[in-house]
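Reading through the structure tokens given below for one structure.
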Amino acid sequence: MCGIVGAVARENVVDVLVEGLKRLEYRGYDSAGVALLDEACCIQRVRMPGKVKQLENELKKTPANGHVGIAHTRWATHGIPSKSNAHPHVCRKSMAVVHNGIIENFEDLKQQQQAENYVFTSDTDTEVIVHQLHKYMAQENDLYKAVCATVRDLQGAYALGVISTEEPDTLITARRGSPLVIGLGEKANYIASDVAALISETQHFIYLEEGDVAVLRASGVEIFDLDGNPVERTIHQSSLNADAVERGEYTHYMLKEIYEQPRAIAETLEGRLGEGRVLESIFGPQAAAIFDTIKHVQIIACGTSYHAGLIARYGFEALAGIPCNVEVASEFRYRKAAVLPDTLFVTISQSGETADTLAALRAAKDSGFAHSLCICNVPESSLVRESDLVLMTRAGPEIGVASTKAFTTQLVALLLLIIVLGRRHQLDEALEARLVEQLRQLPLMVEQVLTLDDDISKLAVRFGDKHNALFLGRGEQFPVALEGALKLKEISYIHAEGYPAGELKHGPLALVDAEMPIVVVAPNDELLDKLKANLQEVRARGGELFVFADVESGMEEADGITVLNVAPTDKAISPIVFSIPLQLLAYHVALIKGTDVDQPRNLAKSVTVE
């Protein structure tokens, strides 16, 4: 969601702040701003609605400088996107704050502050934070104490960056429920929502824990825990480099990430496959003992990760013989779930900071689930730290809001888990060896699918004037259809719906006409003949079909039926292979529509608040 950058140094930090904001643009935002303490110990603030580029242009007109500063990209929650609602927020020219999260008791605090003659200039929940800070600073005359007193009054989630004219060499940060990292430099120190914001400045990071408050100066960093005790947190060296988050030769991050999938899948598998066998130690030293006890699996995720879980359910039950439930995290966390004994609670998240998924994990621990396992792409994220077992996808940075390589590597990681659990139930050695060989061949198969790019680009032209689309699949391809529809709607703004092909008669057939393109996923499996019958129902009503078919399926082009052949795949890996052309279709349709592919309107990459 919102992005935070802050710096305290012995030189002007404005360029560092703006560059950091640019690297956080992928998170989604509607406005941007900076606040700096200048040499006269005055706060200089520049804010602009729109893109970071507009803020950068405004800074050229109104230069700002300072050795201490905070910056922010805002994704609107309370208050419309506007300059007045943009961060940083300032109180009485002496205190400035940036905030990611939601303050649930802001209305009560606002009433109290208005009674104390504080004037509000925005509609945001964040403004109560800066007024509360100002009040406590007047009482304590100590910025750290003022921050500690303020956060005790806040209900909800926050990651904060705070500066004050009273302590012009200090930047203070605090977190609860929203991610924040500290970057360590030789003559400067930094804060950010994401390591990616700071990789041009440092490779050394501290991940703050829940309730931590940190005092940053150019000379060093002090960290205090929830109880105010000084603590030392582990310093991590990031393997990320600036090139990893650049587009390179590609027009968009999404296209780059689609083409990175063969390498990303190979990275997910690296060191995890033995001779015809998955090495279960990859899940952690306690994994074997835990897996021996597991009789059920509960998967929790959001968005694209939820679709990965839906696909995995077929494998858990058909291959492994283990009952599996899958639920959206935002629903699970607010209902009382019946807990089956010996259940493995599996969370899936690209960022590891998805608010609903993280809350669901915490609720699951309180509810008595046996053990937890996280499939994630970001080491040291909250979800990783709070799970019993972890399997990193190793997809590398994913900048485009529409998830591509994170999704396919999640599917690979889930298949590894299916195999390891399945060998304790009904999956025999011969089948495991066959699945392992398919996984070894998977990066090459994905490379072959990517050769369809030009053909898909030409096909996408026929979607240019469409406003609705229907995606169909059967069996494990039904969630693939859901994912294909999600990709199209989120970046091209075409209303798209994924549906089981066998359910056409139960409603969707009423929508079918010549103006409704129907996208179909057709692997060569036991449901193929039934799928062909479903497609005849569509053609009989004038629907135009676009079929991504296994080359051995026997699907042939005809009037109103366009077929793109995909290399033959086995059932277990076919959802991964067939997802690739749907990603390319969404990308090329978005190009034709002229939308913002990497930063679609109203959406954020990491949903770190409800």
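The values are calculated or read from the model by the stated rules, or taken from the named source; none is laboratory data. In this text the structure is predicted, and so the values were computed from the model without any measurement. As a convention, Cβ positions derive from the backbone with ideal geometry for all residues, glycine included, and neighbour counts pool all protein chains shown. Accessible surface is based on the protein model in full, side chains and every heavy atom, while ligands, DNA and RNA are left aside. Shrake-Rupley method; radii C 1.70, N 1.55, O 1.52, S 1.80 Å.
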## Note on the structure
Of all strands (runs of 3 or more DSSP E) fully inside the stretch 1-69, the set with 1 or more residues that are basic (Lys, Arg) is 43-49
### Task
Would you point out the residue of the stretch 342-355, among those that are within 17 Å of the chain's Cα centre (by Cα) and either at pLDDT 90 or above or at positive phi (or both), that is most open to solvent (accessible area, probe 1.4 Å)?
Gln350
### Query
Which pairs have Cβ atoms under 8 Å, sit 6 or more apart or on different chains, and link a residue in the stretch 324-341 that is open to solvent by less than 50 Å² (accessible area, probe 1.4 Å) and at pLDDT 90 or above to one that is among the aromatic types (Phe, Trp, Tyr) and assigned to a helix (DSSP H, G or I)?
Cys324/Phe316; Val326/Tyr306; Val328/Tyr306; Ala329/Tyr306
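Residues are listed down the side, and each one gets a yes or a no for (1) out of contact with any His (no Cβ under 9 Å at 6 or more places or on another chain); (2) of a type in the set (Ser, Thr, Tyr); (3) exposed (fewer than 15 other Cβ atoms within 10 Å of the Cβ); (4) in a strand (DSSP E or B):
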site	(1), (2), (3), (4)
Tyr158	no, yes, no, yes
Ile191	yes, no, no, yes
Phe205	no, no, no, yes
Arg233	yes, no, no, no
Met254	yes, no, no, no
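Is it true that some residue in the stretch 163-179 is aliphatic (A, V, I, L, M), within 19 Å of Gly228 (Cα to Cα) and either assigned to a loop (DSSP other than H, G, I, E, B) or touching a Ser or Thr at 6+ places or on another chain (Cβ under 6 Å) (or both)?
no
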### Query
So which of Ala149, Ala197 is in contact with a helix residue (DSSP H, G or I) (Cβ under 7 Å, 6 or more places away or on another chain) and farther than 19 Å from Val14 by Cβ?
Ala149
### Query
Can we say Ala242 is closer than 23 Å to Tyr190 by Cα, hydrophobic (A, V, I, L, M, F, W, C) and either modelled with pLDDT of 90 or more or open to solvent by less than 30 Å² (accessible area, probe 1.4 Å) (or both)?
no
#### Entry: Those residues of the stretch 58-75 which are touching a strand residue (DSSP E or B) at 6+ places or on another chain (Cβ under 8 Å) and farther than 19 Å from Thr173 by Cβ, in sequence order
Glu58, Leu59, Thr62, Ala64, Asn65
### Message
Out of Glu257, Glu222, I need the residue that is acidic (Asp, Glu) and within 23 Å of the chain's Cα centre (by Cα). Which one?
### Response
Glu257
### Task
Residues being touching a residue at least 24 places away in the same chain (Cβ under 8 Å) and either of a type outside the set (Ser, Thr, Tyr) or assigned to a helix (DSSP H, G or I) (or both): count how many of those fall in the stretch 98-141.
21
### Query
more than 20 Å from the chain's Cα centre (by Cα) and either more than 14 Å from Ala308 (Cα to Cα) or at pLDDT 90 or above (or both): does that describe Arg385?
no
### Task
Look at the stretch 207-228 and say how many of its residues are farther than 20 Å from Leu154 by Cα, in a loop (DSSP other than H, G, I, E, B) and open to solvent by 30 Å² or more (accessible area, probe 1.4 Å).
1
